[in-house]
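The structure appears right after this line, and notes come after that.
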Amino acid sequence: MDPKLITSSEGLCAEFLAELQAHAYGIRSYTAPQRSCTPDLRYHSVVGLLDSPSSITVTLSATAGYAVLDGRSQQRGTTGFESLTALLSELSPAFNAAMHRSLSARLLALCQREPRLDGDEDEDEGGCSEFRTSIFQVISDIPKTDFGKISSALDTAGNTLDYRRYGDTFFEVLVTGGIIAPGGIIKDDESLGKLPFSLFVLAQGATADEQVAGAKIWANLISKLTRRYKYLERTFAETSVHVLENIHRYSDEDNRMLATGLGTLVSEGFMPMDCFRVLQKDHLTKDGIALGFMTDVLRVYLRDNNAAQLNKALRSAKIRQLVDFFPVAKRDNDCFVRHFEAQDLPEIIELHNAYQATAMRDALVVELARAIRESQNAADDKLKNGDDDDAEEGDGDGDGEDSVDGIFEATNVKLAKAAQKAMRRNSWAEHDVVVLVWDALMASVDWPLRPDQIEARAVTQVQRFSMVLEAFTHSPKSEIALLKHVQMYCYSEPKLLKVFGRVVFELYNADVLSDSAILFWAAKGVRFEGKTEFLKQTEGLVKKLQALEAEGDDDSDEEEDDEDDE
């Protein structure tokens, strides 16, 4: 409605409030409109923009429309707008982005909505409120603490109430006790208040134990509902994203209860952690809201699970780094450690350190593999150019081979220096680095499709880059570590299952593996995975080494006898 057509004070105030509520998705906060002390009919509200830490005063006049009274009106011409949308669009790029996202979401919802008869849209406007009232009626005669009867009543009510159509509203009511209006405002029933078995009621408590106990009662109700109505599981998971998008509009107490409840659902395996990725949005991370919320979730999860289970849950949800929930200016290792030390969550710090170490190892493998591929491409070019010269001049074959050998020799030196540098920088042991070098060698191979060519390709790779492997097998521990790693690698790669014995033989010939390392592995170090097959493949080599060892012992005994005779 055009504000210039409104002449009554009540009408202008109601129009202003309705506009603020309708635009709540694109602003940080707002106050209820107040009558301004001006000769004309005017109301004002203090509005917080998404992309500004300060607030502005927006006015609505029956004669001049919308305007701003913070000094920006002279700079940007923010006076006399007929709509709040036009004013906010002029002031805030973040509002424009939020408006486009909201419109896209509405269009998507309209496209996905089932076709309805004429008149159904009007009925839907009050449908959510009526559905909430029906839930209250279902439990009206049941004591508020008799959760067994409440669960049974909700189970039976699914036969008459349209849980499928109002599944998102159902979850909002179960979480907040009311309905989440546009802009994240929670609207409770005017007469009945909050649903007595909602999360925001059950998770209230003086201590953390009481809060978690209430959240577990709520999670049990959710679990029973979704076992009976399986389609609600997906609906609840999708609606949780919408609920989480608005945590910057909830109170600290509401966010604490929400984090406790969702953390309990995740901890008990009801839902994955995928929904928490929405907390990485800039408007939630910039003030630390997302970090505080996620910290509460992690604390609840670790009550009944260990760090390894948490790591698995995060990886399944494609949450790669918890540091992404920090404000942009604080996404460094020191801030991360200080925060979780203050929160008494050392498991998170250990998990972060392990992730950082894994990232460093992966980076080294990628760096080495890239260098190997470059050398292989250069060697291929040399061979091709050498063949072309042969065709023109009739010789030069030897020069081509020498050049290729020189390329691989230089690459071995380059790889060894890069690996040694990473070893010093990260304080790695030699046996940690040699397995990463092996992974890089294998990652850089373009494996042929024909099975009969795979062994030849693996052998060629080992022969070309045995020098860099030898540089990191100075100790028996490193040799055994490499042998066990090669065993597991060949076991996990079906195409290499029959190649293990030949690879070990080539590593022995190149002085990467010693006699004693291979004999120790065969006697005590072989892993269970593929044990029978791999011992069979290396049986000939092991017997030969055992014979050489026995012969060496006999020679030593004879020398000792000769010395005694003298």
Evaluate the following for Leu103: is it in a helix (DSSP H, G or I), among the aliphatic types (A, V, I, L, M) and modelled with pLDDT of 55 or more?
yes
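Residues are listed down the side, and each one gets a yes or a no for (1) within 17 Å of Lys531 (Cβ to Cβ); (2) part of a helix (DSSP H, G or I):
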residue: Met442; (1), (2): no, yes
residue: Asp446; (1), (2): no, no
residue: Gln487; (1), (2): yes, yes
residue: Glu506; (1), (2): no, yes
The number of residues in segment 11-63 that are open to solvent by 40 Å² or more (accessible area, probe 1.4 Å), of a type in the set (Phe, Trp, Tyr) and touching a Leu at 6+ places or on another chain (Cβ under 6 Å) is 1
Going by the conditions given, is Phe147 over 21 Å from Tyr231 (Cβ atoms), open to solvent by 20 Å² or more (accessible area, probe 1.4 Å) and either within 35 Å of the chain's Cα centre (by Cα) or at pLDDT 85 or above (or both)?
yes
Test result for Ala317, in contact with a Pro (Cβ under 7 Å, 6 or more places away or on another chain) and among the aliphatic types (A, V, I, L, M)
yes
Residues being part of a helix (DSSP H, G or I) and either within 26 Å of Gln204 (Cα to Cα) or in contact with a Pro (Cβ under 7 Å, 6 or more places away or on another chain) (or both) - total across segment 145-173:
16
Hits in segment 425-475 - residues which are of a type in the set (A, V, I, L, M, F, W, C) and open to solvent by 50 Å² or more (accessible area, probe 1.4 Å):
Trp447, Leu449, Ala456, Met467
Quick one: how many residues across segment 192-213 are more than 30 Å from the chain's Cα centre (by Cα) and among the hydrophobic types (A, V, I, L, M, F, W, C)?
5
So in segment 339-362, with the set limited to residues that are over 16 Å from Arg299 (Cα atoms) and free of Cβ contacts under 8 Å to residues at least 24 places away in the same chain, which one is surrounded by the fewest Cβ atoms within 10 Å (Cβ to Cβ)?
Thr358
What's the number of the only condition in (1) out of contact with any helix residue (DSSP H, G or I) (no Cβ under 6 Å at 6 or more places or on another chain); (2) surrounded by fewer than 20 Cβ atoms within 10 Å (Cβ to Cβ); (3) in contact (Cβ under 8 Å) with a residue 60 or more places away in the chain that Tyr250 fails to meet?
(2)
Please find, within segment 26-55, the residue that is modelled with the lowest pLDDT out of those that are among the aliphatic types (A, V, I, L, M) and within 36 Å of the chain's Cα centre (by Cα).
Leu50
Hits in segment 14-35 (condition: more than 30 Å from Asp287 (Cβ to Cβ) and outside any strand (DSSP E or B))
Ala14, Glu15
Selection status of Glu172, of a type in the set (Asp, Glu) and either without any contact (Cβ under 8 Å) to a residue 24 or more places away in the chain or surrounded by fewer than 17 Cβ atoms within 10 Å (Cβ to Cβ) (or both):
no
Quick check on segment 329-341. Is at least one of its residues among the β-branched types (Val, Ile, Thr), under 22 Å from the mean Cα position of the chain (by Cα) and within 20 Å of Gly288 (Cα to Cα)?
yes
Among the residues of segment 519-534, write down those that are acidic (Asp, Glu) and in contact (Cβ under 8 Å) with a residue 40 or more places away in the chain.
Glu529
Open to solvent by 30 Å² or more (accessible area, probe 1.4 Å), at pLDDT 90 or above and either within 24 Å of Gly158 (Cβ to Cβ) or not aromatic (Phe, Trp, Tyr) (or both): does that describe Arg256?
yes
Members of segment 260-283 found to be closer than 21 Å to Arg338 by Cβ and either free of Cβ contacts under 8 Å to residues at least 12 places away in the same chain or buried (at least 17 other Cβ atoms within 10 Å of the Cβ) (or both), listed by number
Leu279
So which pairs qualify, if the first residue must be in segment 535-561 and farther than 13 Å from Ile518 by Cα and at pLDDT below 70, the second must be open to solvent by 80 Å² or more (accessible area, probe 1.4 Å) and outside any helix (DSSP H, G or I), the Cβ gap must be under 6 Å, and the two must be at least 6 apart or on different chains?
none
Would you check which residues across segment 379-404 are at pLDDT 65 or above and surrounded by 13 or more Cβ atoms within 10 Å (Cβ to Cβ) and list them?
Ala379, Asp381, Lys382, Leu383, Asn385, Gly386, Ser403, Val404
So if I check each of Val278, Val241, which one is within 28 Å of Ser134 (Cβ to Cβ) and modelled with pLDDT of 85 or more?
Val241
From the list Ser223, Ser191, pick out the single residue that is of a type in the set (S, T, N, Q) and either at pLDDT 85 or above or under 27 Å from Asp332 (Cα atoms) (or both).
Ser223
By my count, helices (runs of 4 or more DSSP H) wholly in segment 284-354 with at least 1 residues that are more than 28 Å from Ala237 (Cα to Cα) and among the small types (Gly, Ala, Ser) are 333-342
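The values are calculated or read from the model by the stated rules, or taken from the named source; none is laboratory data. Since the model is a prediction, treat every value here as computed from it, not as a measurement. Positions of Cβ are generated from backbone atoms using ideal geometry, with glycine treated the same way; all protein chains shown enter the neighbour counts. Protein only, heavy atoms only, side chains kept; ligands, DNA and RNA dropped before computing areas. Shrake-Rupley method; radii C 1.70, N 1.55, O 1.52, S 1.80 Å.
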